[in-house]
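Encoded as structure tokens, the structure appears first; notes follow it.
The values are calculated or read from the model by the stated rules, or taken from the named source; none is laboratory data. Computed from a prediction, not measured in an experiment: that's the story for all the values here. Every residue, glycine as well, gets a Cβ built from its backbone with ideal geometry; the counts of neighbours run over all protein chains shown. Please note that ligands, DNA and RNA were not included when accessible areas were found on the heavy atoms of the full protein model with its side chains. Shrake-Rupley method; radii C 1.70, N 1.55, O 1.52, S 1.80 Å.
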Amino acid sequence: MTTAEIHPDVEATAEAIASMEIRGAATIAGAAADALHTQATQSTATTTDDFRQEMHAAAKRLHETRPTAVSLPNCLRYIVGRIEGDTVDALRRSTITAATEFSTQLETAQEDLGAVGANRLRDGDTVMTHCHSTDALSCIKAAHARGIELSAIVKETRPRKQGHITAAELRELGIPVTLIVDGAAGRYLDETDHVLVGADSIAADGAVINKIGTRSLAVTARERDTPIVVAAQTVKLDPATLSGHTVEIEYRDESEVISEDERAEIGDIAVRNPAFDVTPPRYVDAIVTERGQFPPESIVTLMRELFGEQTATPWEGE
Ligand code: RI2
């Protein structure tokens, strides 16, 4: 491998994240950690400068794939920030240790968060979901493992229909599932005890950035007094928002919304496809993390404790 060469497996991971073959904020972070682990293990760099440059190039490539889920830069920052030593071997070892630590924490956090979220669920409850969130499902799985009987109303989640993944996973557990189109959520909130969603990023004011459609679901749920719970590991907390930065919302290809033929038939129209929206904290009842449950307004305290104002991107500028 020559200077700053990105390992083919890292490139493949980056492509899979960009195309959403690998998706979901936690899963993306886990894949990025594995990719940096591979880059470090396979590196043939002979100088410490070359090794660092390779790691930075790999991190940069992974970072540029999707802009919204903060778990990705949080993962890269965690690992790249722990690369230390005076020899290539020492640098390699520290990278591998950091990547392994990060992956272990990710798994443990999801399990711990599930145990907290499950405490909110009671026998006979119906949960409404949006999109597919492994953090949200962890709460349902933990409750299910305790013998709590639940049923689920699963929103399809246009345009990519990720609700189907949620429906399949819940079915696998034996939980009765009713699939609905997104527009039917209001109608079925009357039969819902909890709205349970994940998050891609959480801002310092407690605003939740999640799959498009979350905001309208939360607003309608609030109007019906149905609690809305966000399941999000602390790796979803965005430290950049502490210093006034806003979360970039990803816009995806228009072809996810309408085919070229359909569009040609309609005529000259604009199509917009934002992948995420922002739910203000006033519509969220609780954010469930591996550190416990927080009202959205107090999440800033946890964010400061865990991240400080840390927003460095050491992989940039090379
Ligand atoms: P977990 C997903 O985004 C959804 O918005 C989901 O709620 C969120 O990531 C969190 O997922 P996308 O990658 O980390 O499907 O809880 O666009 O799995």
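Among (1) surrounded by fewer than 23 Cβ atoms within 10 Å (Cβ to Cβ); (2) closer than 30 Å to GLY244 by Cβ; (3) within 11 Å of the ligand (Cβ to nearest atom), where does ILE165 come up short?
The number of the failed condition is (2).
Answer yes or no as to whether ASP50 is charged (D, E, K, R), more than 16 Å from the ligand (Cβ to nearest atom) and without any contact (Cβ under 8 Å) to a residue 40 or more places away in the chain. Spell out how you get there, then give the answer.
Details: charged (D, E, K, R): yes; more than 16 Å from the ligand (Cβ to nearest atom): yes; without any contact (Cβ under 8 Å) to a residue 40 or more places away in the chain: no.
For ASP50, the condition - charged (D, E, K, R), more than 16 Å from the ligand (Cβ to nearest atom) and without any contact (Cβ under 8 Å) to a residue 40 or more places away in the chain - is not met.
Just to be sure, is ALA136 crowded, with 24+ Cβ neighbours inside 10 Å and within 16 Å of the ligand (Cβ to nearest atom)?
Judged against the criteria, ALA136 is a match.
Quick one: PRO176 ticks every box in (1) in contact (Cβ under 8 Å) with a residue 24 or more places away in the chain; (2) open to solvent by less than 50 Å² (accessible area, probe 1.4 Å) bar one, so which box is it?
The single condition PRO176 does not satisfy is (2).
So PRO73 clears everything in (1) touching a residue at least 60 places away in the same chain (Cβ under 8 Å); (2) more than 19 Å from the chain's Cα centre (by Cα) except one condition, right? Which one?
Result: PRO73 passes all but (2).
What number of residues in region 209-251 are over 15 Å from the mean Cα position of the chain (by Cα), touching a residue at least 24 places away in the same chain (Cβ under 8 Å) and assigned to a loop (DSSP other than H, G, I, E, B)?
Result for region 209-251: 6.
Exactly one of (1) farther than 20 Å from GLN233 by Cβ; (2) open to solvent by less than 20 Å² (accessible area, probe 1.4 Å); (3) in a helix (DSSP H, G or I) is unmet by ALA45. Its number?
The number of the failed condition is (3).
Filtering region 76-106 down to residues that are charged (D, E, K, R) and under 23 Å from GLN233 (Cβ atoms), which residue is farthest from the chain's Cα centre (by Cα)? I'd like the intermediate steps shown before the answer.
Looking only at region 76-106, we keep the residues that are charged (D, E, K, R), and these are 77, 82, 84, 86, 89, 92-93, 101.
After this cut, where a residue has to be under 23 Å from GLN233 (Cβ atoms) as well, the list is 77, 82, 101.
Working: ARG77: 16, ARG82: 22, GLU101: 19 Å.
This residue is ARG82.
Of the numbered conditions (1) charged (D, E, K, R); (2) closer than 29 Å to LEU237 by Cβ; (3) touching a residue at least 40 places away in the same chain (Cβ under 8 Å), GLU191 fails exactly one; give the number of that condition.
All conditions are met except number (2).
Within region 27-42, track down each residue that is within 14 Å of the chain's Cα centre (by Cα) and open to solvent by 10 Å² or more (accessible area, probe 1.4 Å).
Listed by number, the residues that qualify are THR27, GLY30, ALA31.
Run THR279 past the list (1) farther than 13 Å from ALA207 by Cα; (2) open to solvent by less than 60 Å² (accessible area, probe 1.4 Å); (3) among the polar types (S, T, N, Q) and report the number of the one that doesn't hold.
(1)
Looking only at residues in region 59-84 that are within 16 Å of HIS245 (Cα to Cα) and of a type in the set (A, V, I, L, M, F, W, C), which one is nearest to the ligand (Cβ to nearest atom)?
Filtering first and then ranking leaves ALA69.
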